[in-house]
Amino acid sequence: MSVIISPSLLSADFGNLNSEIDMINASAADWLHIDVMDGVYVENVTFGPQLVADLKKITKLPLSVHMELVRPETFLPMFAKAGADIITFQLDACPNPLHMLREVKKAGIKAGLGIGPSYDVERLRYLLPHIDGLILMS
């Protein structure tokens, strides 16, 4: 098991976004974590594919897009085209997670799952060979 450092863009000062990204680029961060929220799956609304495309121009770090939204499969093509390197989606927000994982991989992107702390990890057994990472929400 390896440790990945992935600061969340959600914590950035958006009034100084370029300097925030410069600071992350100069740090020991491995990835840049981008929480995409739709206001339905979670109450907050955050970023879209355009921000991912813009960030791709100013950082060499892999962009880890965490889809906290309903029906993430509809958004996969947009975030793949924008330059996401890792796509994680919430297991309970996707009607066919195995298909989604395969589609993410087919797009040449690393695939991850997000689960809540009460989720029975045993139920993930059939998906584990298809994921590159797991986010346990708290």
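If I ask for residues that are among the hydroxyl-bearing types (Ser, Thr, Tyr) and either farther than 15 Å from Ile87 by Cβ or open to solvent by 30 Å² or more (accessible area, probe 1.4 Å) (or both), which ones from region 34-71 would you list?
Within region 34-71, Tyr41, Thr46, Thr59 meet the criteria.
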In region 112-126, how many are assigned to a loop (DSSP other than H, G, I, E, B) and either open to solvent by 80 Å² or more (accessible area, probe 1.4 Å) or farther than 16 Å from Val70 by Cα (or both)? 6
Would a scan of region 11-33 turn up a residue that is within 18 Å of Phe75 (Cβ to Cβ), open to solvent by less than 40 Å² (accessible area, probe 1.4 Å) and either of a type in the set (Lys, Arg) or in contact with an Asp or Glu (Cβ under 7 Å, 6 or more places away or on another chain) (or both)? no
Take the conditions open to solvent by 70 Å² or more (accessible area, probe 1.4 Å), part of a helix (DSSP H, G or I) and modelled with pLDDT under 95 and apply them to Asp92. Does it pass? yes
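The values are calculated or read from the model by the stated rules, or taken from the named source; none is laboratory data. Just so we're clear, the structure is a prediction, and the values are computed from it rather than from any experiment. Glycine also receives a Cβ, built like all others from the backbone with ideal geometry; neighbour counts cover every protein chain displayed. Side chains included, ligands, DNA and RNA excluded: accessible areas come from the protein's heavy atoms. Shrake-Rupley method; radii C 1.70, N 1.55, O 1.52, S 1.80 Å.
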